[in-house]
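Accompanying notes for the structure given below.
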Amino acid sequence: MPRKNNTLNAKMKLIASLTSPFARKVRIVAAEKFTEYELIVDIPWNEDTQVPKYNPLGKVPVWIMEDGKALYDSRVIVEYLDSVSPVNHLLPKDARPRIMVKRWEALADGVCDAAATVFLEKKRPAAQQNPDWIQRQMGKVFAGLNAMSVDLGHQNYCTGEFFNLADIAVGCALGYLEFRFPELEWRRAHPNLSELYDRLMLRPSFKETVPVG
Ligand code: GSF
């Protein structure tokens with residue numbers, strides 16, 4: 001696991017919050033690839049955040065390469081991490097299976113985007129919240145979960161028998177829902193996703209990155 005902050009000899013750095021599902025995806029990929037880095041915890045909503053210095057969009061995760069160049073967003077970072085280290089490939093080389101994994105990732109990230117939007121909307125004063133907007137975003141969460149469950153079917157992992165980036169992305173989405181929306185009951189609605197998440201949580205990379213905050 002990464003050492004936190006003040007690690008003097010770490011070359012690569014990850015700027016992340018400990019609640020972001022996108023940052024968790026990067027942390028899990030780095031752990032699965034045995035990539036060492038320094039974790040810099042930064043909450044992009046705080047006034048003293050340093051994130052905009054590295055990412056003009058002001059979002060985490062941001063990965064700082066050895067030469068100081070910053071990479072974002074999470075999909076770019078995980079593809080980079082997978083390509084620079086030969087251990088434990090998480091993205092297939094061939095075009096068709098590769099793009100199917102990226103499709104899973106797009107679906108899982110989309111669920112996270114919609115869920116995070118609802119979480120933020122619900123933090124606004126009740127009078128300023130827009131119920132139609134919340135309903136629209138929750139529709140994406142439910143449709144996304146449904147699509148994941150149908151596509152997973154009875155397989156052990158998203159694309160079949162082998163663990164890859166698709167499982168990491170889906171696991172981060174499920175973990176985020178469990179963290180921010182414990183009332184959602186996605187486990188009851190989709191027992192196969194529930195089993196998948198439990199299977200993924202046996203991995204140290206998942207166990208050590210459960211959202212906290
Ligand atoms: C999404 C990152 C993101 O929304 C990615 O890296 O994959 N497509 C991007 N990060 C949120 C935190 S979270 O909801 O995970 C963020 O940093 N928001 C700050 C802001 O100003 O929007």
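Bear in mind that the values in this text are calculations on the coordinates, not laboratory data. Bear in mind that the values here come from a model prediction, so they are computed numbers and not experimental data. Cβ: placed from backbone, ideal geometry, glycine included. Neighbour counts: every protein chain shown.
To the nearest 20 Debye, how big is the dipole of segment 63-213 about its Cα centre, given +1 on the beta carbon of each Lys and Arg and -1 on that of each Asp and Glu? It would help to have the intermediate numbers written out before the result.
Numbers: 18 positive and 20 negative charges, 54 e Å.
Dipole size: approximately 260 debye.
The phi torsions of segment 143-148, fed into the Karplus equation with coefficients 6.51, -1.76 and 1.60 and a -60° offset, translate into couplings of 5, x, 4, 4, 5, 4 Hz, rounded to whole numbers, with Gly and Pro shown as x.
Near the amide H of Leu39, within less than 5 Å, lie the amide hydrogens of Arg3, Asn5, Leu14, all on another chain or at least 5 residues away, with H placed in the peptide plane.
Once backbone amide H atoms are built at 1.01 Å from N, Leu71 has Trp63, Ile64, Met65 as its partners under 5 Å, excluding neighbours fewer than 5 places away on the same chain.
Within the chain, the longest segment free of exposed loop sites, counting trypsin sites (Lys or Arg not before Pro) that fall outside DSSP classes H, G, I, E and B and have at most 11 other Cβ atoms within 10 Å, spans 94-213. Scalar couplings 3J(HN,Hα) for segment 72-78, obtained by applying the Karplus form with A = 6.51, B = -1.76, C = 1.60 to θ = phi - 60°, are 7, 8, 4, 5, 5, 5, 5 Hz; x denotes Gly and Pro. Could you tell me what percent of the DSSP beta bridges with both partners in the chain are antiparallel, to the nearest 5? That works out to approximately 50 percent antiparallel.
Normalising by the residue count of segment 1-138, find the relative contact order in percent from Cα pairs under 8 Å and 6+ residues apart.
Details: 167 pairs, mean separation 29.0, N = 138.
In percent, rounded to a whole number, it is 21.
Across segment 175-188, rounded Karplus estimates of 3J(HN,Hα) from the backbone phi angles (6.51 cos²θ - 1.76 cosθ + 1.60, θ = phi - 60°) give x, 5, 4, 4, 6, 8, 10, x, 7, 6, 6, 5, 5, 6 Hz, Gly and Pro being marked x. Of the chymotrypsin sites (Phe, Trp or Tyr not before Pro) found in segment 101-193, the ones in coil according to DSSP and having at most 16 other Cβ atoms within 10 Å of their Cβ are Phe162.
Would you please give the FRET efficiency between Ser85 and Ala126, computed as 1/(1 + (r/R0)^6) with r the Cβ-Cβ distance and R0 = 45 Å, to the nearest 0.05? Don't skip to the answer; put the middle values down first.
On the way: r = 48 Å, r/R0 = 1.06.
Between Ser85 and Ala126 the formula returns 0.40.
The ranking of Glu183, Glu121 by Cβ neighbour count inside 10 Å, starting from the fewest, reads Glu183, Glu121.
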